[in-house]
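A short write-up of the structure that comes next.
The values are calculated or read from the model by the stated rules, or taken from the named source; none is laboratory data. Small disclaimer: the values here were computed from a predicted structure and weren't measured. All Cβ positions, glycine included, derive from the backbone under ideal geometry; neighbour counts span all protein chains shown. SASA here: full protein model, heavy atoms, side chains in, ligands and nucleic acids out. Shrake-Rupley method; radii C 1.70, N 1.55, O 1.52, S 1.80 Å.
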Amino acid sequence: AAFDSQRYFIANASHELRTPLSAGRALLQVALADPEPTVESLRAACQEAVELSDRQERLLAALLTLASSQRGLVRTESLDLGEITRKVILGRQHEAGRHNISLSTALRAAPATGDPRLVESLIGNLIDNAIRHNLPGGQVQISTALTTAGAAITVGNTGTLIPPDAVEYLFQPFRQLGTQRIRHNQGHGLGLAIIRAIADAHGAALTASPRPHGGLDMEVIFP
């Protein structure tokens, strides 16, 4: 199973990396072959090439984050989940507003110990996942608190129905359930795999529970 999983990951990573390169090359070849190019057509080709490059850059960043979190923690320090979450949310307000997704928060101090860079990536992926796998006009609830089990962050969202037996499937790299997503071209199916890897590296407990009417509630508790 481990070897099959590794082969699946490598095959999909190769495909995801190769696709924007092939598309970019074809785009430039078409532009160069045009006997009478206009400023507008060249500008459009350049814009598409930039978007393809951005997509590849996001994938590389996700792969590097996944690899570094699976390697384990290099450094740890005291941090506050509430403070980091507040910072991450500020960077997601525009994207949520673009798709009429409302973000509601209840952020309390939640001191923990960990790698601040990886913890910020975990929180960012939790919120990105909640926005991306949602419905237009949907909601995302985000909370942090210090519980008896440790520092906790909880992110829940509205969305499509998720069968309980499909939840584990979603945490595998490059796996996605269905096609109803807001941002079809900006996800690579690595977000939940990154969340799990970072949680495991910190010894944190990760739970994901489908909502009866659609959507997902996710909680990570740092010991």
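Observations, loosely collected:
- Members of segment 115-146 that are within 18 Å of Phe222 (Cβ to Cβ), open to solvent by less than 60 Å² (accessible area, probe 1.4 Å) and of a type outside the set (A, V, I, L, M, F, W, C): Asp115, Pro116, Ser121, Gly124, Asn125, Ser143, Thr144
- Unmet criterion (only one of (1) of a type outside the set (Val, Ile, Thr); (2) surrounded by fewer than 18 Cβ atoms within 10 Å (Cβ to Cβ); (3) at pLDDT below 90) for Pro111: (3)
- The condition (being charged (D, E, K, R), at pLDDT below 90, over 12 Å from the mean Cα position of the chain (by Cα) and open to solvent by 30 Å² or more (accessible area, probe 1.4 Å)) is satisfied by just one residue among Asp217, Asp200: Asp200.
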